[in-house]
1. In segment A:44-56, how many residues are more than 8 Å from every other protein chain (Cβ to nearest Cβ) and farther than 30 Å from residue A:69 by Cβ?
2. Which one of these is out of contact with any Phe, Trp or Tyr (no Cβ under 9 Å at 6 or more places or on another chain), more than 7 Å from every other protein chain (Cβ to nearest Cβ) and of a type in the set (Gly, Ala, Ser): A:95, A:105, A:142, A:101?
3. Conditions: (1) surrounded by fewer than 17 Cβ atoms within 10 Å (Cβ to Cβ); (2) within 14 Å of chain B (Cβ to nearest Cβ); (3) touching a Ser or Thr at 6+ places or on another chain (Cβ under 7 Å). Residue C:64 meets all but one. Number of the miss?
4. Name the residues in segment C:18-46 that are more than 16 Å from residue C:1 (Cβ to Cβ) and of a type in the set (A, V, I, L, M, F, W, C), would you?
5. Which one is nearest to the other protein chains (Cβ to nearest Cβ), of the residues in segment A:112-132 that are surrounded by fewer than 24 Cβ atoms within 10 Å (Cβ to Cβ) and closer than 21 Å to residue B:101 by Cα?
6. Can you tell me which residue among B:13, B:41 is surrounded by fewer than 19 Cβ atoms within 10 Å (Cβ to Cβ) and facing another protein chain (nearest Cβ under 10 Å)?
7. Would you check which residues across segment A:80-90 are in contact with a His (Cβ under 8 Å, 6 or more places away or on another chain) and facing another protein chain (nearest Cβ under 10 Å) and list them?
8. Looking only at segment B:22-34, decide whether some residue is of a type in the set (Ser, Thr, Tyr), more than 22 Å from residue A:98 (Cα to Cα) and more than 8 Å from every other protein chain (Cβ to nearest Cβ).
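Please treat every number below as a calculation from the coordinates, not as lab data. All values derive from a computational prediction rather than experimental measurement. Cβ sites come from the backbone with ideal geometry, for glycine too, and all protein chains shown count toward neighbours.
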Amino acid sequence: MIRNIHIQHEDFDVSDEIAALTADGVGAVATFTGMVRGGDDLTALTLEHYPGMTEREIGRIVDEAESRWPLQGVTIIHRIGRLVVGERIVLVAVAAAHRGAAFSACEFLMDYLKTRAPFWKQEERDGRSCWVEHRSSDEEAASRWRKT
Amino acid sequence: MIRNIHIQHEDFDVSDEIAALTADGVGAVATFTGMVRGGDDLTALTLEHYPGMTEREIGRIVDEAESRWPLQGVTIIHRIGRLVVGERIVLVAVAAAHRGAAFSACEFLMDYLKTRAPFWKQEERDGRSCWVEHRSSDEEAASRWRKT
Amino acid sequence: MNILYFAWVRQKVGRSEEVIEHTPGLRTVGDLAALLLKRGGGYGEVFSDLSRLRVAVNQVHAGLDTVLASGDEVAFFPPVTGG
Amino acid sequence: MNILYFAWVRQKVGRSEEVIEHTPGLRTVGDLAALLLKRGGGYGEVFSDLSRLRVAVNQVHAGLDTVLASGDEVAFFPPVTGG
């Protein structure tokens, strides 16, 4: 399986990332792009991470997705540093033969990124910075995937 | 809500389509790209549709998605004509404030496109053409969304 | 009424559209399908197994019991396979 | 052991990392947290409410009962908010 995991300051291009996942047996690519959402006077986010653990934890999350669904490729790109409103933050792209696996794995990976990968966000409003609180709805989203 | 629906011969660019959906309140864009999958000696697909009804039916599907989830934009592009292995067939892109709505609406729209929109596929193998049979698994996928 | 055919239905009946006058005997889609079945040949093949056919009236998915009117656009086609 | 701090934990304790020698009294993460709490100040603020803290040992999510060893990398941070 193709596996592209990048933690980077630079922006990414979704079309290029889909093209990099597209091989002969691929019939379906699901992607998720997260962006800095405006509103409530938000001007920018600053993303901090735990170098080393981030890559390892994302690797474990991808291993788990690969064990659950027949996948042909996974790309995860997470940006760090300061990002203004409208900028892309994160990309998850999943290639598979069929759409069910691509959709499920893409949503699973996002839910686990949100709750397991060591990133922290600071919000800027009126020049003041404030750490984003963890959302319990993210825990609930991730708990859907727990095997019983 | 932004609504871009196109039935066309031409290819599309996923990044451009995401950019066209991105407004200030958008925090999440989910996309699905379907491609002509190789294997079993398949060389190409030819897609036929019912002009007029296709656009109307897709419009109704998008209305239904909009009534179920808080969405900020939907793009559906479905190509017609002859497409060789590896070519893009269909794009569904959904923009929303939060990822749950974007993911659910994107999957819903694909499931309904597969079972409601009047397109028919012919497969080419060794120079011979054969109509693709309807898959009951697509009906099952769509039936998940039925309101009880 | 304007009658349209798509995909293998079009290929078997040998045309993509035709005009059939609406008469009192053609109350429903089922009546129209029965009329077309009687033509035999490709029509006979197509309309002898209605479980493999889908129909739309005025570009909306319909059924055998959908009532027809003069000026309707009626389309017969296989279950859809796009996406 | 190498101790790392991230996000507001880092800001409150006033540093991003430090070295603490592993001793028999520091059997678990909980023992280490108790030691750091005793320092007071920013450490006191951070370690007085362990429900708001997460920990990783050697870059794997861990808990208060995780056993420590010499040479471990122990990181304290808030619940994650990426994506």
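1. Of the residues in segment A:44-56, 3 are more than 8 Å from every other protein chain (Cβ to nearest Cβ) and farther than 30 Å from residue A:69 by Cβ.
2. Just one listed residue meets the conditions, A:95.
3. Every listed condition holds for residue C:64 apart from (2).
4. C:37, C:46
5. This residue is A:114.
6. On inspection, the qualifying residue turns out to be B:13.
7. Passing the criteria: A:80, A:89, A:90.
8. The first filter runs over segment B:22-34 and keeps only residues of a type in the set (Ser, Thr, Tyr), leaving B:22, B:31, B:33.
Filter again for more than 22 Å from residue A:98 (Cα to Cα), leaving B:22.
From the residues that got through so far, the ones that are more than 8 Å from every other protein chain (Cβ to nearest Cβ) too are none.
Checking segment B:22-34: not a single residue is of a type in the set (Ser, Thr, Tyr), more than 22 Å from residue A:98 (Cα to Cα) and more than 8 Å from every other protein chain (Cβ to nearest Cβ).
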